[in-house]
Amino acid sequence: MRLSEAEIPVNDSVQSVCELLGFDPLYLACEGRVVAVVAPEMAEAALAALRTVAPRAALIGELRVGDSPVVLDTAFGGQRSLDELEDDPLPRIC
């Protein structure tokens, strides 16, 4: 799986607090989020349908053969692996 950090919707307030406290928002618990895997030819139709109830729905990545489990293309032009959580996720920030 390859994800684009720039495309992942994160509220500005959450991003600010994460930067202040040194948290990665991708490792925080968060209710009300859905990651849907759909065929590429259905992506735009799925986004259009989702945006009727979730205006910030976004296409954040794609599945690729041969990549490590999850690779994040960073906003700075680099790449990093997203490791699976070993423990419970950090508590959510309200």
Say whether the condition of being closer than 15 Å to LEU82 by Cα, open to solvent by less than 50 Å² (accessible area, probe 1.4 Å) and not in a loop (DSSP other than H, G, I, E, B) is met by at least one residue in the range 4-12. yes
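Taking the condition of being part of a loop (DSSP other than H, G, I, E, B) and open to solvent by less than 90 Å² (accessible area, probe 1.4 Å), how many residues in the range 68-79 meet it?
Looking only at the range 68-79, we keep the residues that are part of a loop (DSSP other than H, G, I, E, B), and these are 68-70, 74-78.
Next, only the ones that are open to solvent by less than 90 Å² (accessible area, probe 1.4 Å) stay: 68, 70, 74-75, 77-78.
Residues meeting the conditions: 6.
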Residues that are open to solvent by less than 60 Å² (accessible area, probe 1.4 Å), out of contact with any helix residue (DSSP H, G or I) (no Cβ under 9 Å at 6 or more places or on another chain) and within 23 Å of VAL53 (Cβ to Cβ), drawn from the range 13-38: ALA29
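Which residue out of VAL38, VAL53, VAL65 is more than 25 Å from GLU84 (Cα to Cα), part of a loop (DSSP other than H, G, I, E, B) and more than 15 Å from the chain's Cα centre (by Cα)?
One residue alone meets the criteria, VAL53.
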At pLDDT 90 or above, among the hydrophobic types (A, V, I, L, M, F, W, C) and open to solvent by 50 Å² or more (accessible area, probe 1.4 Å), is that true of VAL65? no
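The values are calculated or read from the model by the stated rules, or taken from the named source; none is laboratory data. Since the structure is predicted, the reported quantities are computational estimates derived from the model, not experimental observations. Every residue, glycine as well, gets a Cβ built from its backbone with ideal geometry; the counts of neighbours run over all protein chains shown. For accessibility, only protein heavy atoms count, side chains too; no ligands or nucleic acids. Shrake-Rupley method; radii C 1.70, N 1.55, O 1.52, S 1.80 Å.
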